[in-house]
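Student: Here you go, one structure.
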Amino acid sequence: MQPIPTAEGWHVLHLFYRVEPAARAKLPSLQKDFLSLIQSARKQKDFQLFTVSMVGHKADIGFMALSPDLTALQQFEKRLSALFGSAGVAPVYSYLSMTEKSEYTTTDEEFARQLEDQEKLKPGSADFEARMSEFRARMEKYLQHRLHPVLPPWPVFCFYPMSKRRAAGQNWYQLDFAARKKLMEGHARVGRKYSGKILQLITGSTGLDGWEWGVTLLAHDLLEIKQIVYEMRFDEVSASYADFGDFYIGIQLPAEELLRSV
C-alpha cells in the first residue's frame, strides 16, 4: 500500500483488546511473532508505539500508535488484529485522531500587546525584543510538542474521548472566538498547575471518530490523574461545555512484558 502522509501533525490510533479466559493459555505462543511485529513497526520513520497493560474489565491490552503515515497505522492494526485473532484475543475499542495545534494559542501580536500594556515595554527596545525572542522560542517548542510529541514511558496511562457540548443554551460553537479563547485560557491555567506531574496529549478527531478530541494523560501516580480531572470539573469549560466518554486506565510496560502481564 502507498503511504498516505498528512500535511501537518501525525495520525494517532488507540487500540484496546480483551483476552478471553480461553485465550490466555495461547498467549505464550504469540510472543515471538508479537515482538517481531512491534519491532517492525517501531523501525518505521517517526512511528511511536506505546504498549499498555490495562486495569479493569474494559480491556486487557492497549496500544497508542503515532505515525505521519496513515497507511502505517492501518497496516499495524490489521497485522496485530490478525495475530491476536488467531488466539482469540478480541478488539473492544479503537479511536482515531490527529495531533493538532490549538486555535487558542497566544499569537506574536497578542504577546506584544501584553508587553506594552501590562509591562510597559516599548516596541523595539532591547528588553522588548529579548522577551519576544524568548516567547517565540517557547512557542516553537510548545507547537512542536503538540504536532510531533515524543512521550516518555511514564507508567500510568489514561485515555478518554471528549466533545464540546452543543445543547440549547450550552452550545460551545455559538460562543464567539474571544469568549471561547478567554475560557480556554482559564482551563489551561488549571492544567499548568500539574506541570511535571502530568503529561497531556490532546488530539483532534472531529470528522474522524465519534467524539471531537482524544485526551491521553501520562503520570507516575494515578492520584495525579484523579486530581487533575476532578479539579478540571469545576472549570467552566468542563462544567458547562464538556461531555466525556469512558476512561481507559493502564500501566505502560515494555512489549516483552505485555503478554505475560495478562
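Student: Starting from the eigenvalues of the Cα gyration tensor, five times each then square-rooted, give me the equivalent ellipsoid semi-axes of segment 1-126, largest first, whole Å.
Tutor: Over the Cα atoms of segment 1-126, the ellipsoid semi-axes are 44, 17, 12 Å.
Student: With everything on Cα atoms, drop me the angle between helix 108-117 and the longest principal axis of the chain, reported from 0 to 90° to the nearest 10.
Tutor: Tilt relative to the chain: about 40 degrees.
Student: Right, something else. Given the Cα atoms of the chain, and with Rh set as the inverse mean 1/r over their pairs in the Kirkwood sense, what is Rg to Rh to two decimals?
Tutor: That ratio is 1.02, to two decimals.
Student: Can you give the calculated 222 nm mean residue ellipticity of the chain, where each DSSP H run of n ≥ 4 adds -39,500 (n - 2.57) and the sum is split over every residue, rounded to the nearest 500 deg cm²/dmol?
Tutor: Calculated from helices alone, the mean residue ellipticity at 222 nm is -12500 deg cm²/dmol.
Student: In addition: How big is the Cα convex hull of segment 153-209 in projection, averaged over all directions, in nm²?
Tutor: 5.5 nm²
Student: Return the Cα extents of segment 212-262 along principal axes one, two and three, sorted largest first, each rounded to a whole Å.
Tutor: 43, 24, 13
Student: How far, in degrees from 0 to 90, does helix 177-192 lean away from the longest principal axis of the Cα atoms of the chain, to the nearest 10?
Tutor: The answer is roughly 60 degrees.
Student: To continue, here is another question. Work out, in µm²/s and without decimals, the Stokes-Einstein translational diffusion coefficient of segment 102-198 at 4 °C, 1.567 mPa s, Rh from Kirkwood over C-alpha pairs.
Tutor: Translational D for this selection: 78 µm²/s.
Student: Counting Lys +1, Arg +1, Asp -1, Glu -1, what net charge surrounds Lys141 among other residues with beta carbon under 14 Å of its beta carbon?
Tutor: For residues surrounding Lys141, the net value is +2.
Student: Carbon and sulfur together cover what percent of the accessible area of the chain at a 1.4 Å probe radius?
Tutor: Within the chain, the accessible surface is 54 percent carbon and sulfur.
Student: Taking the full set of protein chains and a 1.4 angstrom probe, give the accessible area of Tyr173 in square angstrom, rounded to the nearest 10.
Tutor: Taking all protein chains as shown, Tyr173 has close to 110 Å².
Student: Where only protein heavy atoms count, and the probe is 1.4 Å, what is the accessible area per residue for the chain in Å²?
Tutor: Accessible area per residue: 54 Å².
Student: Let me ask you something else. Hey, what angle do you get for helix 222-233 against the long axis of the chain, alpha-carbon based, 0 to 90 degrees rounded to 10?
Tutor: The angle comes out near 50 degrees.
Student: While we're on this one: Picking from Pro153, Leu223, Gly191, whose Cα lies most toward the positive end of the charge dipole for segment 102-227 (charges on Cβ: Lys, Arg +1; Asp, Glu -1)?
Tutor: Leu223
The values are calculated or read from the model by the stated rules, or taken from the named source; none is laboratory data. On a predicted model such as this, the values are computed, not experimentally measured, just so you know. Cβ coordinates were reconstructed from backbone atoms using ideal geometry, including for glycine residues, and neighbour counts include every protein chain displayed. The area values use the complete protein model at the heavy-atom level, side chains included, leaving out ligands, DNA and RNA. Shrake-Rupley method; radii C 1.70, N 1.55, O 1.52, S 1.80 Å.
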